[in-house]
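The values are calculated or read from the model by the stated rules, or taken from the named source; none is laboratory data. Note that the structure is predicted; figures quoted are calculated from it, not measured. Every residue, glycine among them, receives a Cβ derived from its backbone with ideal geometry; neighbour counts consider all protein chains shown. Note: accessible area is taken over every heavy atom of the protein model, side chains too, but ligands, DNA and RNA are not part of it. Shrake-Rupley method; radii C 1.70, N 1.55, O 1.52, S 1.80 Å.
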Amino acid sequence: MKTPIPISLLELAIITEGSNAAETMQKIRELAQLVDVLGYKRFWLAEHHNMAHVASTATVVLIGYVASQTQNIRVGSGGIMLPNHSPLIIAEQFGTLATLYPDRIDLGLGRAPGTDSQTAQAIRKDFFEESQRFPKNVSALQDYFSEENATASVRAFPAEGTNVPIWILGSSMDSASLAAAYGLPYAFAGHFAPRQMIPAFEFYRENFKPSEYLQEPKTMACVNAIAADTDKEAEILSTSLYQMFQNLVQNTRKPLQPPVDSLTDLMNNMSEEARFHVNQMTAGSFIGSKETLTKELKEFIQHSRIDELMISSPIYSHQDKLKSLRMHKEVVDSI
């Protein structure tokens, strides 16, 4: 019998309308504990800044909190925006996490700032220069995590020897090229930029160079996924996701909005430009009943040839989200 593809959760820590950061963090704990029991493989948190309705600004702190509240699931970053940070500090932080929670910590790395340009400058004046040094800083991180760094003049304690798994995250050919050249696992951000996902995976596989970290290519796709008892109910739940992207495109900062009755009406009421961009960003979404998702996700997994599936589920109702996560595990296990 074929082993089901691993399924994981990317939690964007979006604050819903009428809620706050404290309640959102408690919801994160409940989500993590549920998917831990269900057998999800990973629970990743993203780094964003200057966003009033996102509760994961201190990503490393939340990773430690989630790891402390769970038993088996791997907890990590999806991702840490490396140009915002010193590789030494990230090595120390994730080395500490790996020491506290052995073999349960992942380090996903991105090149973008995770915010607007003005905030990126507030975080780090030389952000642009650091983004150009991204490949060298990935190498520096690898050195800090290695036992061989014991003879270096600058060392990251207690990171040495922890060998925290590093994933390259991205939404373009640049990230695919780097992951392939460095022989690292590659995760694609199909939950907001799905257009280049399949070509990027193909390029990565074709150009992959085995390394001490990975002998064969390893891919993971992150996609939006919303499950409910019927296709119609799932579509209604998805209107919160579509409103989220509409607000992002229009630079209208709002918490995650309640669902509306009609996705068609929602899309028709957008400007032509906003509708185009929202359709582009949601093209990699899987929304429906268990029957619909079983068919569509099976086709996607076969077509993309991914090794792992990660889902993002911006659903307004916490109970509906918990239910959706249960259903997705059942769907993936049946494929």
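One table, with the values for the structure above:
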item	result
Selection from the stretch 256-289 of residues that are in contact (Cβ under 8 Å) with a residue 24 or more places away in the chain, farther than 21 Å from I14 by Cβ and surrounded by 17 or more Cβ atoms within 10 Å (Cβ to Cβ)	G288, S289
So L241, is it open to solvent by less than 50 Å² (accessible area, probe 1.4 Å) and either without any contact (Cβ under 8 Å) to a residue 40 or more places away in the chain or more than 21 Å from I7 (Cβ to Cβ) (or both)	no
Subset tally (residues that are within 30 Å of P258 (Cβ to Cβ) and either touching a helix residue (DSSP H, G or I) at 6+ places or on another chain (Cβ under 6 Å) or open to solvent by less than 70 Å² (accessible area, probe 1.4 Å) (or both)) for the stretch 206-229	8
Output for the stretch 121-170, where each listed residue is assigned to a loop (DSSP other than H, G, I, E, B), among the hydrophobic types (A, V, I, L, M, F, W, C) and closer than 15 Å to L107 by Cβ	A156, A159, V164
Qualifying residue in the stretch 152-166 (condition: modelled with pLDDT under 90 and of a type in the set (G, A, S))	no
Long-range neighbours under 8 Å by Cβ, at least six apart or interchain, first residue within 22 Å of Q250 (Cα to Cα) within the stretch 107-124, second among the hydrophobic types (A, V, I, L, M, F, W, C) and modelled with pLDDT under 90	P113/A120; P113/I123; P113/F127; T115/M51; T115/I123; A120/F127
Qualifying position, being farther than 26 Å from K323 by Cα and either among the β-branched types (V, I, T) or over 15 Å from the mean Cα position of the chain (by Cα) (or both), among L82, L88, L38	L88
